[in-house]
Each structure stands twice: as C-alpha cells, then as structure tokens.
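Single-structure report; data block below.
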Amino acid sequence: MITQFKKVDRLLFLSGNLKACLVILLYLSGFFGSTPVLGQSPATDSVLFIQQIKNLIEQKNYATAHILLEEYIEQNGMKPHVTTLMIQNGLTHYYRQENYDLFLLKDETNAGKKVRIGRLRYPQRILENLIEQNPNYAYAYKLLGDYYNIQLNDLSNFEFTKSTEIKKLEEKIYHYYSQADQMGLQNAFIYRWLGDYYSNTNQTDLAEKYYKKNISKSAPDPISLYRLAEIYYQKKLYTQAFNHALESTKYFKAEDVYLKYDALRLSANSLRELGEFDRFLEMINECIQFMSDLQEAYLDLILYYSSPLMPEKVEPLFTEMFMKNPFELKGYRSFEDYVITNNRYTYADTLFNSMLLKYENWDEVLANIYWSKGNLAYHQNLTKESNRFWEISRNYMRRYLPENHKLIKQVGEVAQKK
C-alpha cells in the first residue's frame, strides 16, 4: 500500500488535475478494486488513464502527459492506442526538435514554476516497431506520415532545397497516408492531403474524390470545399465552382483570411464567367473591401473594365491598388501593359511620382518602381534612360537581396528578349 501511495502522490504532483485526483482517490477507496493506476491494468483502468492523459493535454500539460505515457509503456509494453497517443502528443505539441530524432515538450501552465520537460525520442523507430508488431493498426501509418510531413513543411521554407528531396518526402507521406486510408482510417487531414497530392499531379478526378469525403459532414472542411471549387472552375463548371467557393467562406476560421479572400475572389470570377455581371461587381468589390492590401481582386476588376476599355474606372483602381500594395510585381506588369497599349505614359509618371513620395524609405518599393520605369522608358525607345532606371532598381535590390539573387538578374530582361 505504501508503494501505491507513493505512485499516487507522484501522479497528483505531476498532473494537478481534479478529475485525475478523483479517479485516484476512488482507486484508493476500493471503488475500482486494488489495481494501481499505472500497474498491470484491466480495460477499465486503461480507459480512465487515457482520459486523464487527454485532460492533461487539453490543459496544455504536454510534458506531464508524455512522462506518464512513457512510464505506462515501460510497464505495460507498446499498447497501440497508448503509444500512438504519446507520438501524437509529441509531434503535435513539441516546442523544439533536434534532427527529427528528439522532440521536446513542456507544460505551458507552469507560470513562475520550474518548467517540466518531456522528451520524445526517435518517433520514427517507435512507429516502425509498432507497425511491425501491429501491421493492421491504421493510425500508426497516419502518424508516420505526419512525421515526414513535419520535415516536408520545414524544407518548403527554404529556396535552396533540392526538388528531389521534396519529392522523396512527398512519396513517403503518400505511401503512409494511403496505407492508413486503405485500412479504413477516416481522417479529414489525410483526405485533404491526398486530394492536394492528386491535384498537384494533375489527377483531378482522384483529387475530387478525396475532397468530397470531407464535405459530406455537418461541419465540412472549408479548405476541401475551396479546392473542389478550384477544380470545378478549371473544368468550366462555374455554377458548382461558385456554390462550393461561397459555401467554404461560412466555415473558415478567423485566422484563415487569405483563404477566405481567395474563395470570395473565385466566387466573383465564377459569376463573371456565368454572365452575372452585377453580382460579379458586387462580390469582387466585397473581396477588395475584405482585404484591400492584396492586388488580385483589383486586377480582376481592372480586367473587367478593360474590355471594353473604361479608363475612368481603370486608372483610379491602379492608383488605389498601388497606394495600398506596391510590393507585388504582378500589378506592375499589368500596369505596364495598360500604359503601353493605351499610350498613358504621362499618367504612369504622375502615379510613380506619388508613390516615390509615399514609399521613399522602402527599398523594395523603390526597386519595383524603377524597374517598371525602366521597362516603360525602353518601350519609348529611351534606351539610356531605361538602363539608368534599371541600374537604380538593381542597387535598391542589393540592399535586401543577395548579389546573385534571381530577381536582380531579371531586371532589364525586356531588353534582352528584344
């Protein structure tokens, strides 16, 4: 009994969880018999233990949960549901990792106290061993896919990463997620990942199949709804594209502002393709108001007013767009086409002068403006002027980009192509 009290005391210290305390006190009183909380436990004990762990994770006591799970596995062996819970906690809530072999967790509710650290070691090996012992346990395959997905997401942030390395990781993730899917695991993240995989490899029918699995629920996955809308738009099924894109906007989280913007824009452009121009104008303006510091919706509206050309509407839109977002190059290239086609060089000079005053301390904006001024000068056969503007642009770029950056090399390409 003394040993049991020591173990219970340690659990109380580790968790600080009222439900867990109640469960432990019930054990001591004999309500569940004499089985210790972390002993050779029957099914009932396992269920209560798992609930305790889930409560700890809910309270963001990730390290404590990991320590208890690790101890349970040491005493009871690699039970699939307990082992996968430990791996899931580690891969989801780590605050630091070392070479993808060690994932560190901490309790986030210990303000002002000594921080408790949990260490998940070699999750890949643990999962591979678990799969070897339990080849039909689908969730283990899903977690092994998650393990490689963490690496893929990290690699995607680096420009210098070799595409072959990314491809290898994608194939590993595809293999494990497909295995989990074939074994019957119903998981919204896997469905969406496989949908994206098939979409990116131009297998749109398979992509559609997986996205559809995520929208048949009472709370559909908004990203899957939006991806389906993209597929329908590509297939020129504009009514379905509009319906799915608009539906997705109802379910995005507050932080998913860029996805919601894209969905509103796709809804508007679907209406334009359907010939519903009044509704298109209403929705594209709603999109601009939702995020006025992005260029895409402005450019959609400019394109609409360009055929037939309505300069009294186009030019105010260009001015507003650049005054709110002078950073994206797509807008400059569209602006250059408009100026050259319609011989509006004086308007361009006026707008650029206003931008130079407003953004005089922004190297990136100044680089973009002088690049565009060089292109416009070149189209007026002002070769000397264009070269001078391009060199100014490159000099600004060198302040925030490496000397051999590909963007610097693109300045003046319009002359090389000619």
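Yes or no, residue by residue, for (1) crowded, with 20+ Cβ neighbours inside 10 Å; (2) part of a helix (DSSP H, G or I):
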| site | (1), (2) |
| --- | --- |
| K217 | no, no |
| S224 | yes, yes |
| R227 | yes, yes |
| Y232 | yes, yes |
| Y258 | no, yes |
| A263 | yes, yes |
| D278 | no, yes |
| M283 | yes, yes |
Would you check which residues across the range 384-403 are under 29 Å from the mean Cα position of the chain (by Cα) and exposed (fewer than 14 other Cβ atoms within 10 Å of the Cβ) and list them? Y400, P402
Can you name the residue in the range 306-346 that is out of contact with any strand residue (DSSP E or B) (no Cβ under 9 Å at 6 or more places or on another chain), of a type in the set (S, T, Y) and crowded, with 17+ Cβ neighbours inside 10 Å and is also nearest to Q410 (Cα to Cα) among such residues? Y332
Here is a list: R399, R394. Which entry is at pLDDT 95 or above and not in a helix (DSSP H, G or I)? R399
Conditions: (1) under 22 Å from K260 (Cβ atoms); (2) basic (K, R); (3) modelled with pLDDT under 95. K212 meets all but one. Number of the miss? (3)
Filtered residues of the range 347-363 (kept if under 18 Å from S334 (Cα atoms) and either surrounded by 14 or more Cβ atoms within 10 Å (Cβ to Cβ) or modelled with pLDDT under 95 (or both)): Y347, A348, L351, F352, M355
Which one is nearest to F103 (Cα to Cα), of the residues in the range 123-152 that are part of a helix (DSSP H, G or I) and without any contact (Cβ under 8 Å) to a residue 24 or more places away in the chain? R125
Scanning the range 51-92 residue by residue, those under 20 Å from D146 (Cα atoms), of a type outside the set (A, V, I, L, M) and surrounded by 19 or more Cβ atoms within 10 Å (Cβ to Cβ) turn out to be Y62, H66, T83, T84, N89, G90
Tell me which of these N368 doesn't satisfy, since it passes every other one: (1) surrounded by fewer than 18 Cβ atoms within 10 Å (Cβ to Cβ); (2) polar (S, T, N, Q); (3) at negative phi. (1)
Taking the range 38-50 on its own, how many of its residues are surrounded by fewer than 17 Cβ atoms within 10 Å (Cβ to Cβ) and modelled with pLDDT of 50 or more? 3
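Given the criteria of a type in the set (K, R), farther than 15 Å from D146 by Cα and crowded, with 17+ Cβ neighbours inside 10 Å, does K213 qualify?
Values: of a type in the set (K, R): yes; farther than 15 Å from D146 by Cα: yes; crowded, with 17+ Cβ neighbours inside 10 Å: yes.
Taking the combined requirement at face value, the residue satisfies it.
Report whether or not I150 is closer than 20 Å to K79 by Cβ and surrounded by 14 or more Cβ atoms within 10 Å (Cβ to Cβ).
No.
Every residue, every condition in (1) among the polar types (S, T, N, Q); (2) at pLDDT below 95; (3) closer than 21 Å to L69 by Cβ, yes or no:
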residue	(1), (2), (3)
L104	no, no, yes
T109	yes, yes, yes
G112	no, yes, no
R116	no, yes, yes
Q124	yes, no, yes
L144	no, no, yes
N153	yes, yes, no
E165	no, yes, no
Search the range 94-126 for residues being among the acidic types (D, E) and exposed (fewer than 13 other Cβ atoms within 10 Å of the Cβ), and hand back the single one that is nearest to T83 (Cα to Cα). D101
The range 291-344: number of residues that are in contact (Cβ under 8 Å) with a residue 12 or more places away in the chain and outside any helix (DSSP H, G or I): 12
Looking at this structure, is N361 under 30 Å from the mean Cα position of the chain (by Cα) and either acidic (D, E) or within 20 Å of N325 (Cβ to Cβ) (or both)? no
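Is it the case, given these coordinates, that T35 is β-branched (V, I, T), in contact with an Asp or Glu (Cβ under 6 Å, 6 or more places away or on another chain) and either within 24 Å of Y122 (Cβ to Cβ) or modelled with pLDDT under 90 (or both)? So that I can check it myself, show each step before the final result.
Values: β-branched (V, I, T): yes; in contact with an Asp or Glu (Cβ under 6 Å, 6 or more places away or on another chain): yes; either within 24 Å of Y122 (Cβ to Cβ) or modelled with pLDDT under 90 (or both): yes.
Yes.
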Counting only residues that are crowded, with 17+ Cβ neighbours inside 10 Å and without any contact (Cβ under 8 Å) to a residue 40 or more places away in the chain, how many does the range 182-195 have? 4
Given the criteria of a type in the set (K, R) and either in contact (Cβ under 8 Å) with a residue 24 or more places away in the chain or in a loop (DSSP other than H, G, I, E, B) (or both), does R272 qualify? yes
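The values are calculated or read from the model by the stated rules, or taken from the named source; none is laboratory data. Owing to the predicted nature of the structure, the values given are computational and were not obtained by experimental measurement. Methodologically, a virtual Cβ is constructed for each residue, glycine included, from the backbone with ideal geometry; neighbour enumeration extends over all protein chains shown.
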